[in-house]
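To start, the structure under review is shown below, and the notes come after it.
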């Protein structure tokens, strides 16, 4: 495989391509600007920082508050802070690592953590002057932020459930670690800048990044590993989705799906949300090399001119799946057979008590939109600190933004439940189906792409909608609702039963007809719906569903069957 990206394939390289090319493998001016007594970095440097797991952000709420307190200029002056993201392949970490993250968030951040839909753990509100101390401490506990963002392979997603005697789960979790290892950036820039490692003064060799090259990838690249009976990893939303093919409790290979991605810009028809396509089957011992080959093709032929069309899904859309497959085969040196018949058929949220198979148990704890915080009577952060200090469970983050506490003995189960109740938390049996399967992106006030509210709006929407669901007698219906503050699709709203997507301040698009297992895109049902009308609009859909559904039909399947025209005619705006 060539290690030199073909930047001329799609025309003149974008500005960010030039920044990466001139950065000396992601060094740039980060160290020099870090030493300056300012509260932010330059525009060019912020692009490089992403590869180190750091996003420069602006707290828009803080700006408005300062303006209201008598500083009119503050409304225009950015209130800089940083989001720091830790990558955790397969979502696994120890109690001590989680406690260290909580301590860092309280000392240097805004006091809370957030589990992402990629099984990362991120903190917000870090000041520029504290970045090096934060990253050093993360390194000390055996973690890293390198590669958690930027134009590289992001955190490899995989079902984390610790079924100790189940070889299938163990095999896919092992595979996630192998893939994460070979796709991890090799540059020493991270150690030099953040960990005080001695810089290499010799000329940088061209082979420093044998897979990525000096300009890395055209855009981010996502890998997810799932099971047919448990698509918690959402394989159809990944650049590369690997669906395990198992026979007699042994993973013999994987169906390889390519080209998934949720982000789009509605004003640009050339952009769109897409599900991955089933490309091939690969034996288990071929998968790592195959993923490297796919990365190589994306590196060499992905669009480096127009970042709006720089994801793998657009290369496949332009070429067609067969041409893309042939190019991957050329990089591999052999042909790939078609996929096996195995496909997604169910999903598990892993909540509640489950036996591990080794005499111990794990507990799946629901974390609303992944936010680990103390609010009012519900003090999740304090509960986790108490449990981790007292029981030292293994910790697993799920792609559904929940958290599993593992290696708990039978006699300690009631103690764990008592901890949760004492800190005001609902046990899984006390959650309704609507709340179990709902999630939202961060959005305002810190996400630079946010157009309107998402995470902060969802709790009120759920409270109101739960009343209507109960009134309709649908409280036992399991359907997924996901919300975003823009069309970038971070919470994956386009392939579930109900997607609520921010379009402008206080207004949203509603997508229907996907389904909870994630293998079908929804359709745009209504656009520009005011925030205060969302619950009423969704209640009308649920009422029609109750009246017209077929026996056993899910909400997503019903909406897909009747289609947009019937729904629009039956439920006029």
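A short reminder: the numbers here are calculations on the coordinates, not readings from a lab. Note that the structure is predicted; figures quoted are calculated from it, not measured. Methodologically, a virtual Cβ is constructed for each residue, glycine included, from the backbone with ideal geometry; neighbour enumeration extends over all protein chains shown.
For the reader, a short list of remarks on this structure follows.
- Euclidean distance of C-alpha centroids, segment 39-53 and segment 222-254, integer Å: 34 Å
- Mean shadow area of segment 435-570 over all directions, Cα convex hull, nm²: 7.4 nm²
- Calculated diffusion of segment 47-178, Stokes-Einstein form, Kirkwood radius summed over Cα pairs, 25 °C and 0.890 mPa s, µm²/s: 152 µm²/s
- Gyration tensor verdict on segment 244-379 (Cα atoms; rounded if a/c is under 1.5, prolate if a/b is larger than b/c, oblate otherwise): oblate
- For segment 439-480, the convex hull spanned by the alpha carbon atoms encloses 69 Å³ per residue.
- Take the Cα of residue 288, step 7 Å toward its Cβ, do the same at residue 355, and the gap between the two points is 3.4 nm.
- For segment 405-482 versus segment 275-344, the gap between their alpha-carbon centres in whole angstrom: 36 Å
- With contacts taken as Cα pairs under 8 Å and at least 6 residues apart, segment 435-570 reaches a relative contact order of 20 percent.
- Dimensionless Rg over Rh [the chain; C-alpha; Kirkwood]: 0.95
- Summed over qualifying helices (DSSP H, 4 residues or more, each -39500 (n - 2.57)) and divided by its residue number, the chain shows a 222 nm mean residue ellipticity of -9500 deg cm²/dmol.
- Two-decimal log10 I(q)/I(0) for segment 264-344, as the Debye equation yields it once each C-alpha is a single scatterer, q = 0.18 Å⁻¹: -0.81
- Extension gain from residue 533 to residue 507, taking 0.36 nm per residue of separation minus the Cα-Cα distance: 8.4 nm
- Note on residue 78 and residue 427: the extension gain reaches 121.6 nm, defined as 0.36 nm multiplied by sequence separation minus the Cα-Cα distance.
- Surface/4 estimate of mean projected area, convex hull on alpha-carbon atoms of segment 352-431, nm²: 5.0 nm²
- Two-decimal log10 I(q)/I(0) for segment 372-493, as the Debye equation yields it once each C-alpha is a single scatterer, q = 0.10, 0.13, 0.18 Å⁻¹: -0.39, -0.66, -1.11
- For q = 0.24, 0.31 Å⁻¹, Debye-computed log10 I/I(0) when each Cα of segment 155-202 counts as one equal scatterer: -0.83, -1.08
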